[in-house]
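These notes are about the structure you will find just below.
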Amino acid sequence: MLRVNVIIPAYNEELSIGKVVAAIPAFVADVIVVNNNSSDRTAETARLAGATVLHEPKAGYGHACLKGIAYASAKPSALRPDIIVFLDGDFSDFPQEMDVLLKPIVDGDADMVIGSRVLGKREAGSLLPQQLFGNWLATKLLHLLYGVTYTDLGPFRAIKLDTLLGLNMQDRTYGWTVEMQAKAAKQHVRSVEVPVSYRKRIGVSKVSGTIKGTVLAGYKIIFTIFRYM
């Protein structure tokens, strides 16, 4: 069987992180929560739920993801994962759908799978108008500039570890997901989308929940798309 590790960046997700960890399927070998400079009990709650907790004091989604990747890839060969799954710590994703996300990789049909919230069943209001527009614009640009077809930059995604390392991910903040998809397109990584469910997050989004976060994220996503052309 392929060994799966899950990486969950988490910033002040005390109210939700325990639910996320508890919902992850039993076949996952290691659930890695990267506490991204939280000021609440995120780390303690994740540890009590059974997760491996790492600490990344530098704020930024990419910083947290890179910390988790470094930890997973440095494991001894007997424990080193074949596949990395990323998801958010706010309980908006449905971890129990992980088998659907992993199936194209397990079947040998893909090396990267993006969970599309746009194609899946989502709770009303779970994706804000600015998120829907941002997804539409970013995926259109990816299609025009890279020749790939996506509907979402969703955080719930799976990728082979060796493929991920080959992408040489660099972004430390908002451009992480689109960097992965742009670089995968340039390297002709076999990738597919699968529909995934989505619900309203617990708490307020640090990105789409504020004007500043929305503007900065939008700028960084567009900048990243053009950067890796």
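The values are calculated or read from the model by the stated rules, or taken from the named source; none is laboratory data. It should be emphasised that the depicted structure is a prediction, and the values quoted were computed from it without experimental measurement. Note that we place each Cβ from the backbone using ideal geometry, even for glycine, and neighbour counts take in every protein chain shown. Note: accessible area is taken over every heavy atom of the protein model, side chains too, but ligands, DNA and RNA are not part of it. Shrake-Rupley method; radii C 1.70, N 1.55, O 1.52, S 1.80 Å.
Points worth noting:
- Percent of beta bridges antiparallel (DSSP, the chain, rounded to nearest 5): 25
- When each of the peptides 94-102, 2-10 is scored by the mean number of other C-beta atoms lying within 10 Å of its residues, the order from highest to lowest reads 2-10, 94-102.
- Residue separation of D107 and A26 scaled by 0.36 nm, minus their Cα-Cα distance, works out to 27.2 nm of gained length.
- Overall, the accessible surface of the chain at a probe of 1.4 angstrom is composed of carbon and sulfur to the extent of 59 percent.
- The Cα atoms of the chain define a convex hull whose projected area, averaged across directions, is 11.2 nm².
- Solvent-accessible area per residue for the chain (1.4 angstrom probe, square angstrom): 46
- In the chain, helices alone account for a calculated mean residue ellipticity at 222 nm of -11500 deg cm²/dmol, with every DSSP H run of four or more residues adding -39,500 (n - 2.57).
- Euclidean distance between Cα centres, the stretch 117-190 to the stretch 13-74, Å: 21
- F226 paired with L144, simple spin-label distance in nm, labels 7 Å along Cα-to-beta-carbon: 1.1
- Between the residues Q170, V31, V100, the greatest Cα displacement towards the positive end of the dipole of the chain, with unit charges on the Cβ of Lys, Arg, Asp and Glu, is found for Q170.
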